[in-house]
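What follows is a short report on a single structure.
The values are calculated or read from the model by the stated rules, or taken from the named source; none is laboratory data. Here the structure is a predicted model, which is why all the values come from computation and not from measurement. We place every Cβ from the backbone using ideal geometry, glycine too, and count neighbours over all the protein chains shown.
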Amino acid sequence: MRFWRAARVANGRLDGWLPDHAVAVEAGRIRDVIPGHQAPAEETVDLGDVSLLPGLVEAHSHVPCPPRVDAFDLITQEAPERGLMRAAAAVGTALRSGVTTMRDLGARNEAAFAIREAIADGVIAGPRLLVAGSPITRTNDHCWFWGGEADTAEEVAALARRQVEAGADVIKVMASGGNFTPSSSPRSLQYPVEVLAGIVATASGAGIEVAAHAHAAAGVRAAVEAGVRHLIHCSWLAEDPDGGLDYDPQLAERIADEGIWVNPTIGLGLLASEARERGDAPPRRNPSMRGSGPTREQRMEIVRDMHARGVRFTSGLDMGMAYADFNRAPAEAWAFVEQVGLSPWEAIRLMTIRTAEALSLSHDIGSIAKGKRADLAAFPNDPAEHIRQLDTPTHVIQDGNRIVSPATPA
Ligand SMILES: [Zn+2]
């Protein structure tokens with residue numbers, strides 16, 4: 001048995017601190033949480049004046065993708081081995097930043113599955129990884145270069161089966177176009193409801209869920225109609241470029257009622273706007289994006305309205321996009337606190353237990369509770385006072401093993 005003692009340990013509900021407590025760990029599992037003075041000195045590691053949280057859960061990465069403005073050119077031209085090496089480094093970066101579980105939402109199958117297995121086998125260090133592998137997309141459309149192009153209903157169905165057989169933990173489909181790919185229009189729907197519903201049926205037959213990338217309002221609508229459980233971006237772009245946004249509060253109400261998870265990727269915009277303020281090169285403009293995109297305030301107004309209607313959100317920085325480096329997962333929490341109005345504890349729950357629930361893993365991870373995996377991350381000062389403290393951890397513990405301590409800087 002080992003005891004990890006800290007000045008502040010998050011309580012089981014993740015809404016307050018237990019002052020000077022110790023987490024008892026045996027065989028990678030949390031056995032108990034006890035007052036610090038009761039922990040036997042010879043078995044105790046005193047982490048000191050830190051705030052101990054469950055390991056962070058990050059729901060949206062692209063591990064081979066470099067977080068650079070010229071990433072598209074690089075990943076469409078380089079040898080696949082180079083992307084694989086980058087992915088191996090990226091998962092290490094994520095783990096050292098406190099992320100102990102991560103969901104990758106799009107990469108070549110060869111890279112995604114190899115990285116997942118290498119972590120599981122202990123060959124490389126990284127968070128427990130769930131992977132989508134190749135996202136399903138139309139020919140030459142959003143993220144075509146990851147090997148998941150399918151146009152007709154039959155092709156899409158075959159590809160969904162291929163992903164299930166390959167061992168995907170989740171199926172990712174591009175319900176609308178995206179910004180990253182110059183030949184793709186974010187305002188356009190990629191697949192009709194019936195085709196998306198077919199993917200959902202294949203996935204649920206295998207006991208997994210579907211995550212749909214949807215910038216277009218039409219993509220959000222089609223995904224909801226099709227029974228998709230995870231909406232990615234959910235940006236509500238109107239099809240008509242002059243129409244700007246096409247937010248539908250009634251549909252938002254339905255998203256809330258049906259408990260569909262939404263990853264609005266608002267941390268990505270926050271990091272990009274802070275980069276612009278620093279004078280860094282802005283992310284490239286997609287030449288296929290018609291009309292100007294929404295302002296950040298228009299976007300936030302909608303996220304605030306969805307929140308008020310009870311929509312359930314997950315973490316998910318979209319790691320690998322420009323400025324979304326693999327150690328910046330908490331930027332999503334910053335944006336929720338600073339721009340949507342969540343309390344720091346609400347944002348901490350979003351980064352841990354809520355997203356664990358979205359990934360169907362809350363029985364195993366996401367809070368400091370008896371029986372759960374001993375995945376822990378300690379941060380300086382008090383992130384429940386200042387959410388930006390949820391940045392560089394002083395310690396990261398995965399399955400009861402110390403990954404990062406002050407002697408090994410992240
Ligand atoms: Zn993404």
- Unique match (being more than 17 Å from the chain's Cα centre (by Cα) and within 26 Å of Arg68 (Cβ to Cβ)) among Pro264, Pro294, Pro344: Pro294
- Item | Pro406 assigned to a loop (DSSP other than H, G, I, E, B) and crowded, with 21+ Cβ neighbours inside 10 Å | no
- Among Arg290, Arg299, Arg309, Arg285, the single one that is among the basic types (Lys, Arg) and exposed (fewer than 13 other Cβ atoms within 10 Å of the Cβ) is Arg285
- Matching helices (runs of 4 or more DSSP H) fully within the range 315-396 where at least 1 residues are on the phi < 0 side of the Ramachandran plot and in contact with a Gly (Cβ under 7 Å, 6 or more places away or on another chain): 331-335, 355-358
- Message: Being surrounded by 24 or more Cβ atoms within 10 Å (Cβ to Cβ), closer than 18 Å to Arg82 by Cα and of a type in the set (A, V, I, L, M, F, W, C) is the filter here; which residues of the range 93-142 pass it?
- Response: Ala107, Ala111, Ala112, Ile115
- Message: Checking Trp236 against (1) within 15 Å of the ligand (Cβ to nearest atom); (2) in a strand (DSSP E or B), only one condition comes out false. Which one?
- Response: (1)
- Message: When you check Arg96 against the structure, is it within 16 Å of the ligand (Cβ to nearest atom), in the same structural domain as Leu130 (by TED's automatic domain parsing), touching a residue at least 24 places away in the same chain (Cβ under 8 Å) and of a type in the set (D, E, K, R), yes or no?
- Response: no
- Message: Here is a list: Ser235, Ser315. Which entry is closer than 29 Å to Ile75 by Cα and either surrounded by fewer than 24 Cβ atoms within 10 Å (Cβ to Cβ) or more than 14 Å from the chain's Cα centre (by Cα) (or both)?
- Response: Ser235
- Please enumerate the residues belonging to the range 252-290 that are without any contact (Cβ under 8 Å) to a residue 60 or more places away in the chain, within 16 Å of the ligand (Cβ to nearest atom) and outside any helix (DSSP H, G or I). Val262, Pro264
- Could you check how many residues of the range 1-24 are within 22 Å of Met351 (Cα to Cα), of a type in the set (A, V, I, L, M) and surrounded by fewer than 23 Cβ atoms within 10 Å (Cβ to Cβ)? 3
